[in-house]
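The values are calculated or read from the model by the stated rules, or taken from the named source; none is laboratory data. Note that this is a predicted model, so its numbers are computed, not measured. Positions of Cβ are backbone-derived with ideal geometry, glycine not excepted, and every protein chain shown enters the neighbour counts. Note: accessible area is taken over every heavy atom of the protein model, side chains too, but ligands, DNA and RNA are not part of it. Shrake-Rupley method; radii C 1.70, N 1.55, O 1.52, S 1.80 Å.
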Amino acid sequence: TPKEYELLFYLVENKNIALSREKLLDLAWGYDYMGDTRTVDVHITKLRKKLNLEQYIKTVYKTGYRLEI
């Protein structure tokens with residue numbers, strides 16, 4: 001989906017750097033989006049499954065996500 005693509009783009013652009021859920025939400029959905037950070041979690045889960053990236057997109061405890069390459 002377009003949002004999954006945007007999330008992947010930002011993860012690739014910031015590879016090996018942990019991005020907070022809030023930062024990813026702001027980047028992909030914009031500052032005026034009223035949803036919560038669980039939206040990011042759901043889209044990351046779908047992205048991992050669709051592209052078989054479970055071993056590359058890491059969850060950073062109490063922070064967010066990081067693409068490890």
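For Lys50, a cut-off of 19 angstrom between C-alpha atoms picks up these aspartates and glutamates, skipping any fewer than 8 places away in its own chain: Glu4, Glu6, Asp41, Glu68.
The helix-only estimate of mean residue ellipticity at 222 nm for the chain, built from DSSP H runs of length n ≥ 4 each weighted as -39500 (n - 2.57), is -15500 deg cm²/dmol after division by the residue total.
Sorting Arg48, Arg66 by accessible area puts them as Arg66, Arg48; the probe is 1.4 Å, largest comes first, and only protein heavy atoms count. In the context of the full set of protein chains, the chain has a per residue accessible area of 67 Å² (1.4 Å probe).
Shown is the FRET efficiency for Val60 and Thr39, computed with R0 = 22 Å from the Cβ-Cβ distance and rounded to the nearest 0.05: 0.80.
The listed residues Tyr5, Tyr31, once ranked by accessible area (1.4 Å probe) with the largest placed first, stand as Tyr31, Tyr5.
Per residue, the average separation of C-alpha pairs within less than 8 Å and at least 6 apart gives the range 1-64 a relative contact order of 42 percent. Taking other residues whose beta carbon is less than 13 angstrom from the beta carbon of Tyr31, and scoring Lys, Arg as +1 and Asp, Glu as -1, yields -2. For a paramagnetic label modelled on Thr1 (point 7 Å from Cα along Cα→Cβ), amide N atoms under 14 Å away belong, within the range 16-31, to 28-29. Taken over the alpha carbons of the chain as equal point scatterers, the Debye sum produces base-10 log I(q)/I(0) values at 0.12, 0.13, 0.19, 0.26 Å⁻¹ of -0.25, -0.30, -0.65, -1.29.
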